[in-house]
1. Leaving ligands, DNA and RNA out of it, report the carbon-plus-sulfur percent of the accessible area of region 2-103 at a 1.4 Å probe.
2. Which net charge results when you count Lys and Arg as +1 and Asp and Glu as -1 among the other residues whose beta-carbon is under 11 Å from that of Tyr77?
3. Of all trypsin sites (Lys or Arg not before Pro) in region 1-85, which ones are in loop regions per DSSP and have a Cβ with at most 13 other Cβ atoms within 10 Å?
4. So which GluC sites (Glu not before Pro) in region 5-53 are both in a DSSP loop and have at most 14 other Cβ atoms within 10 Å of their Cβ?
5. So what's the net charge close to Gly3: Lys and Arg +1, Asp and Glu -1, counting the other residues with Cβ under 13 Å from its Cβ?
6. Pulled fully out, how much extra length does the chain show between Lys42 and Arg58, if you take 0.36 nm times their separation in residues and subtract their Cα-Cα distance?
7. Go through region 28-41 residue by residue and turn each phi into a ³J(HN,Hα) via Karplus (6.51, -1.76, 1.60, θ = phi - 60°); whole Hz please, and just put x for glycine and proline.
8. Based on the Cβ-Cβ distance from Lys71 to His32, what FRET efficiency comes out when R0 is 35 Å, to the nearest 0.05?
Amino acid sequence: AGGGRLIDRLRKWYYNAAGFNKLGLMRDDTLHEDDDVKEALKRLPEHLYNERVFRIKRALDLSLKHQILPKDQWVKYEEDHRYLEPYLKEVIRERHERKAWNKK
């Protein structure tokens, strides 16, 4: 149990050290947009996509101004959810399925 708490504290420390949360971004906002991520983004519900676009635009604006959000507006580790992950897993599964089908 003690080791689990240590790992969790390290994860939180690393999350804050990365700095993207200080710009209001979530982990999934920082993913490299390869073909799988682009396809997953197309499948996002409109409100999630619009929220992502807002966060990215705000982060770009803050970055250009060399500013960060007030600390009470930072995305907290506990509040960051992997909103893109289910769509990305589906896209990757489908790609593997297509690859296997084409090998037949």
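1. 56
2. +1
3. Sites meeting the loop and neighbour criteria: Lys65, Lys76, Arg82.
4. Glu33
5. Charge balance near Gly3 sits at +2.
6. 3.7 nm is the gain from fully extending Lys42 to Arg58.
7. Each residue of region 28-41 in turn: 5, 6, 9, 5, 5, 7, 7, 4, 5, 5, 4, 5, 4, 5 Hz.
8. Working: r = 28 Å, r/R0 = 0.80.
Rounded to the nearest 0.05, the efficiency is 0.80.
The values are calculated or read from the model by the stated rules, or taken from the named source; none is laboratory data. Bear in mind the structure is a predicted one, so any value in this text is a computation, not a measurement. Backbone-built Cβ (ideal geometry, glycine too); neighbour counts: all protein chains shown. Remember, those area values only see protein heavy atoms, side chains included, never the ligands or the DNA or RNA. Shrake-Rupley method; radii C 1.70, N 1.55, O 1.52, S 1.80 Å.
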